[in-house]
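What follows is a set of notes on a single structure, which appears directly below.
The values are calculated or read from the model by the stated rules, or taken from the named source; none is laboratory data. All figures in this text were calculated on a predicted structure; none of them were measured in a lab. For neighbour counting, all protein chains shown are included, and Cβ atoms are generated from backbone atoms with ideal geometry for every residue, glycine included.
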Amino acid sequence: MTHILIVEDHELDRQSLKMLLELNSYRVTAAGDGVEALAAARSDRPDAIVSDVAMPNMDGFVLCHNWMQDADLKTIPFIFYTANLTLREDERVAVVLGAACFLIKPMESRIFLRELRTVLQQWAERARPRA
């Protein structure tokens, strides 16, 4: 079962996303900020991370930077899923940091799930040994 780590400081958003993923056969770990997310990922390695940007203690950009500096974690796709109140430059920053995808919420569930599957497939293909 594919394990997704979601990082969202708003309880209702975190629970809604967790329920959507679990109803679609994902195993989910949830964290309320970047500090919790790093600890959770190091103790139970996920297959992907889905993170908000604006959070207390450690925001998504700092989390992504720390994620990409960790040799064990940087091979796991980092997906931003954040409110459309963000700046236009946020997507560019996310790409520079190494994020696999930058999604704007709210987003229809079927589209979010399709984007998640696409990222997971792309990363799986990158990891396959080449003949």
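Do we have any residue at all in segment 16-30 that's surrounded by fewer than 16 Cβ atoms within 10 Å (Cβ to Cβ), closer than 18 Å to Leu63 by Cα and at pLDDT 95 or above?
no
Out of all the residues in segment 107-124, is one or more of a type outside the set (D, E, K, R), under 24 Å from Ser16 (Cα atoms) and touching a Cys at 6+ places or on another chain (Cβ under 7 Å)?
yes
Going through segment 21-34 one residue at a time, which ones are farther than 15 Å from Ile49 by Cα and not small (Gly, Ala, Ser)?
Step one: list which residues in segment 21-34 are farther than 15 Å from Ile49 by Cα, which gives 23-25.
Result: Leu23, Asn24.
Right, Ala94: of a type in the set (Gly, Ala, Ser), surrounded by 16 or more Cβ atoms within 10 Å (Cβ to Cβ) and either over 24 Å from Ala124 (Cβ atoms) or under 11 Å from the mean Cα position of the chain (by Cα) (or both) or not?
On the way: of a type in the set (Gly, Ala, Ser): yes; surrounded by 16 or more Cβ atoms within 10 Å (Cβ to Cβ): yes; either over 24 Å from Ala124 (Cβ atoms) or under 11 Å from the mean Cα position of the chain (by Cα) (or both): no.
Taking the combined requirement at face value, the residue does not satisfy it.
Hey, among the residues in segment 1-26 that are assigned to a helix (DSSP H, G or I) and among the acidic types (Asp, Glu), which one's farthest from Arg114 (Cα to Cα)? Spell out the reasoning first.
Taking segment 1-26 first, the residues assigned to a helix (DSSP H, G or I) are 11-23.
Narrowing further to those that are among the acidic types (Asp, Glu): 11, 13, 22.
Working: Glu11: 24, Asp13: 19, Glu22: 15 Å.
The selected residue is Glu11.
Return yes when Ala40 is surrounded by fewer than 20 Cβ atoms within 10 Å (Cβ to Cβ), among the small types (Gly, Ala, Ser) and outside any helix (DSSP H, G or I) and no when it is not.
Values: surrounded by fewer than 20 Cβ atoms within 10 Å (Cβ to Cβ): yes; among the small types (Gly, Ala, Ser): yes; outside any helix (DSSP H, G or I): no.
No, not satisfied.
Pairs please, first residue from segment 87-110 and more than 22 Å from Ile76 (Cα to Cα), second anywhere and outside any strand (DSSP E or B) and β-branched (Val, Ile, Thr), Cβ atoms under 9 Å, 6+ apart in sequence or on different chains.
Filtered contacts from segment 87-110: Leu87/Val93.
Look through Phe102, Phe61 and report the one residue that is closer than 18 Å to Ile4 by Cβ, among the aromatic types (Phe, Trp, Tyr) and surrounded by 14 or more Cβ atoms within 10 Å (Cβ to Cβ). First the steps, then the outcome.
On the way: Phe61 fails: closer than 18 Å to Ile4 by Cβ.
Exactly one of Phe102, Phe61 is closer than 18 Å to Ile4 by Cβ, among the aromatic types (Phe, Trp, Tyr) and surrounded by 14 or more Cβ atoms within 10 Å (Cβ to Cβ), namely Phe102.
Quick check: is even one residue across segment 106-119 surrounded by 13 or more Cβ atoms within 10 Å (Cβ to Cβ) and at pLDDT below 95? It would help to see each step written out before you state the result.
Going through segment 106-119, the residues surrounded by 13 or more Cβ atoms within 10 Å (Cβ to Cβ) turn out to be 107, 109, 112-113, 115-116, 119.
Then drop every residue that is not at pLDDT below 95, which leaves 107.
Scanning segment 106-119 turns up at least one residue that is surrounded by 13 or more Cβ atoms within 10 Å (Cβ to Cβ) and at pLDDT below 95.
Which of the residues that make up segment 46-78 are over 13 Å from the mean Cα position of the chain (by Cα) and in a loop (DSSP other than H, G, I, E, B)?
Ala54, Met55, Pro56, Asn57, Met58, Asp70, Ala71, Asp72, listed by residue number.
Got a sec? Which of Thr82, Thr29 is outside any helix (DSSP H, G or I) and over 18 Å from His3 (Cα atoms)? Even if it seems obvious, please write down each step before you answer.
Values: Thr29 fails: over 18 Å from His3 (Cα atoms).
None of the others qualify; the one that does is Thr82.
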